[in-house]
Every structure is written in structure tokens, then in C-alpha cells.
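Reading through the C-alpha cells given below for one structure.
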Amino acid sequence: MNETLQTMKNRYSCRSFTGEAVAQEEVKAIAQAAVQAPSAMNLQPWKIVVIQDKALIEEMDAATMELLSREDKAAYERFLNRGGKLFYNAPCIFAIVKKAGSDLDCGIVTENIALAASSLGLGNVICGMAAMAFATKKGETFKERIIPEGYEFGMSVLVGHAVNREGAPHEADMSKVTYIG
């Protein structure tokens with residue numbers, strides 16, 4: 001099996017990071033992979049915002065956990081059982097912000113980021129829950145710092161050094177594949 005297929009097969013959703021910073025050369029390599037994603041008519045209707053400010057990440061985490069504690073008890077409990085942090089102590093968040101109506105292109109960028117991080121031996125998890133940070137009491141402040149005018153939050157990928165580097169990928173369900181012809 002070639003290296004790309006092996007990376008895809010072994011990638012898993014990491015939900016426990018050491019908090020150790022990711023080397024800048026690795027952050028830049030992942031960012032490069034992100035912007036190499038294809039898009040419809042090559043419009044590239046997204047921007048990549050790399051958040052490495054630990055204080056900002058912790059502030060967003062705390063605000064979102066507080067919101068979850070009031071509005072979604074089940075999700076709040078799930079995160080408490082996983083260590084009590086929405087961002088799992090990740091030192092780096094790749095936020096994909098997008099133009100309205102470009103969900104497919106945003107998804108392609110997201111996958112490029114996740115696979116690039118995995119190929120470098122870094123833990124990662126695709127995190128749509130990060131969108132909730134912008135619905136908190138501090139949401140407008142977060143938007144001003146993270147989302148450029150004319151864009152909206154699309155998706156995020158948390159990246160860092162995994163506590164358990166031997167995480168298990170999900171089981172591939174080949175019954176989801178149909179061959180015609």
C-alpha cells in the first residue's frame with residue numbers, strides 16, 4: 001500500500017493532546033497542504049486561520065464549555081468525560097473560514113489539513129463544535145479576531161502531539177460501497 005493510502009487508513013480522531021507546541025515548519029507544511037486543496041473553478045472561497053495563541057484557545061474553550069453547560073447537557077457531559085476541554089488541549093487550531101455556499105470546498109480543505117497532519121505524525125481531529133465559540137457571550141470578540149470580513153466559520157481541525165500516538169482509526173465499513181458495471 002502506498003504512503004498516501006497508508007496515511008488515510010491509519011488516521012484517527014485524536015481527542016487528547018499533550019499541549020506541546022507544533023513546530024513551525026510542520027504548521028507551515030500543513031498550511032501549504034490546505035491551500036493546495038482543489039475548489040470549484042479554482043475560486044478558493046476560503047481562508048485558513050492558524051490559531052496558536054494558547055490564551056485565545058483556552059478562552060474560546062472555556063466560553064464554549066460554559067455555553068454547552070447551559071444549552072446542551074449531553075454534549076457538555078461528553079466533553080467532561082473526555083477531559084473537560086472542547087479543544088482537548090490542542091496547541092494549534094486550523095480554522096477554515098469560507099464564503100457563503102462553499103461547504104464542499106471547505107470540506108476538501110479540512111480533509112487536506114487532517115491528512116497532512118497525520119502524515120507528519122501529528123494527532124488531529126476535525127472539530128465542527130468550534131463554531132459554538134462564536135455563539136457565546138464573547139462570540140463577537142472571537143469573530144473580530146479570527147474571521148475576516150465577508151467570511152464565516154466553516155470548520156476547524158485541531159492539531160498537536162497526541163497523548164496516545166497509537167490511536168485506533170474507525171473501522172472501514174465496505175458495505176457502504178456499491179460497484180456498478
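Overview of results
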item: Some residue of region 42-58 being over 19 Å from residue 117 (Cα atoms), of a type in the set (Asp, Glu), outside any loop (DSSP other than H, G, I, E, B) and at pLDDT 95 or above; result: yes
item: In region 11-45, residue nearest to the chain's Cα centre (by Cα) [restricted to those that are on the phi < 0 side of the Ramachandran plot and of a type in the set (S, T, N, Q)]; result: 13
item: Of the criteria (1) more than 28 Å from residue 32 (Cβ to Cβ); (2) within 11 Å of the chain's Cα centre (by Cα), which one residue 178 fails; result: (2)
item: Flag for residue 155 being touching a helix residue (DSSP H, G or I) at 6+ places or on another chain (Cβ under 9 Å), on the phi < 0 side of the Ramachandran plot and at pLDDT below 95; result: no
item: Residue within region 72-81 that is in contact (Cβ under 8 Å) with a residue 24 or more places away in the chain and over 21 Å from residue 22 (Cα atoms) present; result: yes
item: Residues that are part of a loop (DSSP other than H, G, I, E, B) and loosely packed, with under 13 Cβ neighbours inside 10 Å, drawn from region 1-18; result: 1, 2
item: Residue identified as modelled with pLDDT of 95 or more, surrounded by 12 or more Cβ atoms within 10 Å (Cβ to Cβ) and over 25 Å from residue 168 (Cα atoms) among 37, 29; result: 37
item: Residue list for region 1-47, filter: among the aromatic types (Phe, Trp, Tyr) and in contact with a Phe, Trp or Tyr (Cβ under 7 Å, 6 or more places away or on another chain); result: 17
item: Test: residue 103 is more than 23 Å from residue 32 (Cα to Cα) and out of contact with any Leu (no Cβ under 8 Å at 6 or more places or on another chain); result: no
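The values are calculated or read from the model by the stated rules, or taken from the named source; none is laboratory data. Note that the structure is predicted; figures quoted are calculated from it, not measured. Glycine gets a Cβ as well: all are built from the backbone with ideal geometry, and neighbour counts include every protein chain shown.
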